[in-house]
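The values are calculated or read from the model by the stated rules, or taken from the named source; none is laboratory data. In this text, all values refer to a predicted model and were calculated from it rather than measured experimentally. Cβ placement follows ideal geometry from the backbone for every residue including glycine, while neighbour counts extend to all protein chains displayed. Accessible surface is based on the protein model in full, side chains and every heavy atom, while ligands, DNA and RNA are left aside. Shrake-Rupley method; radii C 1.70, N 1.55, O 1.52, S 1.80 Å.
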Amino acid sequence: MALVFFGTDPTSGGGNCPAVWVDTDSADGPELVLQGKFADAATRTACSQDSPPAVDETVIRIPARMVEQIRKACDAAEAARTQL
């Protein structure tokens, strides 16, 4: 696994959660790896109406202030995919 770190929530205070990485060695091509807080039950229920999570999935919350880090990670994942 080759994780490339793109950043944490700039207001986290402890330099931790939420965070974003790109795994450039995934068997299915580059993937985003997100760390966040578990969504509350009401959010999980609402999300399940559109896309019920599988047994190995969960719904997490990522603050909008992380858009810059996520955008950079998306760009890097896309670039890595074209290099494979």
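Kindly evaluate residue 77 against the criterion of being part of a helix (DSSP H, G or I), surrounded by 11 or more Cβ atoms within 10 Å (Cβ to Cβ), touching a strand residue (DSSP E or B) at 6+ places or on another chain (Cβ under 6 Å) and among the hydrophobic types (A, V, I, L, M, F, W, C).
Working: part of a helix (DSSP H, G or I): yes; surrounded by 11 or more Cβ atoms within 10 Å (Cβ to Cβ): yes; touching a strand residue (DSSP E or B) at 6+ places or on another chain (Cβ under 6 Å): yes; among the hydrophobic types (A, V, I, L, M, F, W, C): yes.
So residue 77 fits the description; yes.
State which residue is most open to solvent (accessible area, probe 1.4 Å) when the search covers only the range 9-29 and only residues that are farther than 15 Å from residue 69 by Cβ and assigned to a loop (DSSP other than H, G, I, E, B).
Initial filter on the range 9-29 (farther than 15 Å from residue 69 by Cβ): 13-14, 23-29.
Applying the additional criterion that residues be assigned to a loop (DSSP other than H, G, I, E, B) yields 13-14, 24-29.
On the way: 13: 83, 14: 57, 24: 44, 25: 101, 26: 23, 27: 107, 28: 140, 29: 11 Å².
If we take residues in the range 9-29 being farther than 15 Å from residue 69 by Cβ and assigned to a loop (DSSP other than H, G, I, E, B), then 28 is most open to solvent (accessible area, probe 1.4 Å).
If I ask for residues that are in contact with a helix residue (DSSP H, G or I) (Cβ under 8 Å, 6 or more places away or on another chain), among the charged types (D, E, K, R) and part of a loop (DSSP other than H, G, I, E, B), which ones from the range 45-68 would you list?
Of everything in the range 45-68, nothing turns out to be in contact with a helix residue (DSSP H, G or I) (Cβ under 8 Å, 6 or more places away or on another chain), among the charged types (D, E, K, R) and part of a loop (DSSP other than H, G, I, E, B).
If you take the residues in the range 30-56 that are of a type in the set (A, V, I, L, M, F, W, C) and under 15 Å from residue 69 (Cβ atoms), which one is least open to solvent (accessible area, probe 1.4 Å)?
Filtering the range 30-56 for residues of a type in the set (A, V, I, L, M, F, W, C) gives 32-34, 38-39, 41-42, 46-47, 54-55.
With under 15 Å from residue 69 (Cβ atoms) added as a condition, the list becomes 32-34.
On the way: 32: 71, 33: 50, 34: 78 Å².
Result: 33.
Residues being of a type outside the set (Val, Ile, Thr), open to solvent by less than 100 Å² (accessible area, probe 1.4 Å) and either under 19 Å from residue 44 (Cβ atoms) or without any contact (Cβ under 8 Å) to a residue 60 or more places away in the chain (or both): count how many of those fall in the range 57-74.
Residues flagged as of a type outside the set (Val, Ile, Thr), open to solvent by less than 100 Å² (accessible area, probe 1.4 Å) and either under 19 Å from residue 44 (Cβ atoms) or without any contact (Cβ under 8 Å) to a residue 60 or more places away in the chain (or both) within the range 57-74 amount to 4.
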